[in-house]
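> Before I ask anything, here is the structure I am working with.
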Amino acid sequence: LARAVGDNGDDQRAVELYEEAFSLKDPESLEDRVDMGRSYNNYASALTGVGRYAGADSAFARAEMYWQDSIEENHSYFGALYSNWALCKSELDRNDEAEVLHRKALAIKRHLKHNKVQIGVSLINLGNLIVDQGRPEEGLPLLTEALAINRDAFGNAHYYTAAAVINVGTAELALGRFDEAEAHYREGEEIFREIFGPEHAAVAIAHTRLGQAAHQRGDLVRAERILREAVAIHRPLLPSAKARFADTLFELGEVLLKQGKTGPAEAHLLEALAIFDETKGPDSSWSLETRARLAALSP
């Protein structure tokens, strides 16, 4: 029931149901230890859904503990666990640990060979992290491989393909390949529009990527226009992808600052900070960086 509730988007209720379920299980039973690990893995995922990343980190560790003495080390459960746990570690700014876990997940999935789509998921997660860590030349081949897997599995007009296209664009942008990056961002956004229509968070996020490309290219006027469009698409959809909305606000604030539009920039940065504090925590790198921008505005 908790899993079904979580799949329907009610992570808070799922958390409550998982906690109730734990009181009904026998931790000494081998069968229950496998199931307990599954429950803690799913519980941790629900905790990440409500932004309780520290609690999720502990729950993932509990899942690993239950499985280490009850299933083989290359079991598919570990592949899923390490993938989810790595994403949680990134939210806690523990990216070195996240990379180790992503690599473990990818190694297990490659060993099992039976699900190329899951291999693609780990390639995307690892590739994105590596790009974010400033190593786009290392991340791009992983993301390109993932895109090929998704195109083969799902065709061109699919959410997973669009996401993979955008990820490749981000690696290219980090390498200074502006034309290639923008082409991939436009392709990804067009697929999202075809699937979801024009008013969807995925469309807004893809549009933000286009704004980031214009920003990095130095076209501040165009970047401002695109980012304002992204905000206008996304705002009515809140709280969907709330942290990503804050990314858009931050990017727009940066663009406005560079144009000397201090007042509007401050307003957008303050709104972004409130969301980062809520979703990431006040000590997160996102919150600290936003506070630094705001502090620079003070006389």
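The values are calculated or read from the model by the stated rules, or taken from the named source; none is laboratory data. All of these numbers come straight from a predicted model, not from anything done at the bench. Because the Cβ atoms are built from the backbone with ideal geometry, glycine has one as well, and the counts that use them run over all protein chains shown. For accessibility, only protein heavy atoms count, side chains too; no ligands or nucleic acids. Shrake-Rupley method; radii C 1.70, N 1.55, O 1.52, S 1.80 Å.
Let's see how each residue does on (1) closer than 26 Å to Leu129 by Cα; (2) under 21 Å from the mean Cα position of the chain (by Cα); (3) open to solvent by less than 20 Å² (accessible area, probe 1.4 Å); (4) in contact (Cβ under 8 Å) with a residue 60 or more places away in the chain:
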residue	(1), (2), (3), (4)
Glu16	no, no, no, no
Phe22	no, no, no, no
Arg62	yes, no, no, no
Tyr82	yes, yes, yes, no
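> Taking the stated definitions as given, is Ala272 part of a helix (DSSP H, G or I) and open to solvent by 30 Å² or more (accessible area, probe 1.4 Å)?
So Ala272 fails the test.
> Of the conditions (1) assigned to a helix (DSSP H, G or I); (2) open to solvent by 50 Å² or more (accessible area, probe 1.4 Å); (3) not basic (Lys, Arg), Gly134 satisfies every one except a single condition; which number is it?
Tallying (1) assigned to a helix (DSSP H, G or I); (2) open to solvent by 50 Å² or more (accessible area, probe 1.4 Å); (3) not basic (Lys, Arg), Gly134 fails exactly one: (1).
> Open to solvent by less than 70 Å² (accessible area, probe 1.4 Å), in contact with a helix residue (DSSP H, G or I) (Cβ under 7 Å, 6 or more places away or on another chain), closer than 24 Å to Gly211 by Cα and assigned to a helix (DSSP H, G or I): does that describe Val165? Give the steps one after another, and end with the answer.
On the way: open to solvent by less than 70 Å² (accessible area, probe 1.4 Å): yes; in contact with a helix residue (DSSP H, G or I) (Cβ under 7 Å, 6 or more places away or on another chain): yes; closer than 24 Å to Gly211 by Cα: yes; assigned to a helix (DSSP H, G or I): yes.
Against the criterion (open to solvent by less than 70 Å² (accessible area, probe 1.4 Å), in contact with a helix residue (DSSP H, G or I) (Cβ under 7 Å, 6 or more places away or on another chain), closer than 24 Å to Gly211 by Cα and assigned to a helix (DSSP H, G or I)), Val165 qualifies.
> Another one. Going residue by residue through the range 236-255, is there one that turns out to be without any contact (Cβ under 8 Å) to a residue 60 or more places away in the chain, in a helix (DSSP H, G or I), basic (Lys, Arg) and in contact with a Ser or Thr (Cβ under 8 Å, 6 or more places away or on another chain)?
Yes, the conditions are met somewhere in the range 236-255.
> Another question, if that's okay. May I ask you to say which residue of Gly51, Gly55 is over 22 Å from Phe154 (Cβ atoms), surrounded by fewer than 21 Cβ atoms within 10 Å (Cβ to Cβ) and touching a residue at least 60 places away in the same chain (Cβ under 8 Å)?
None of the other options fit; the residue is Gly51.
> Check Leu87 against each of (1) under 16 Å from the mean Cα position of the chain (by Cα); (2) under 20 Å from Ala148 (Cβ atoms); (3) open to solvent by 40 Å² or more (accessible area, probe 1.4 Å) and name the one condition it does not meet.
Condition (2) is where Leu87 drops out.
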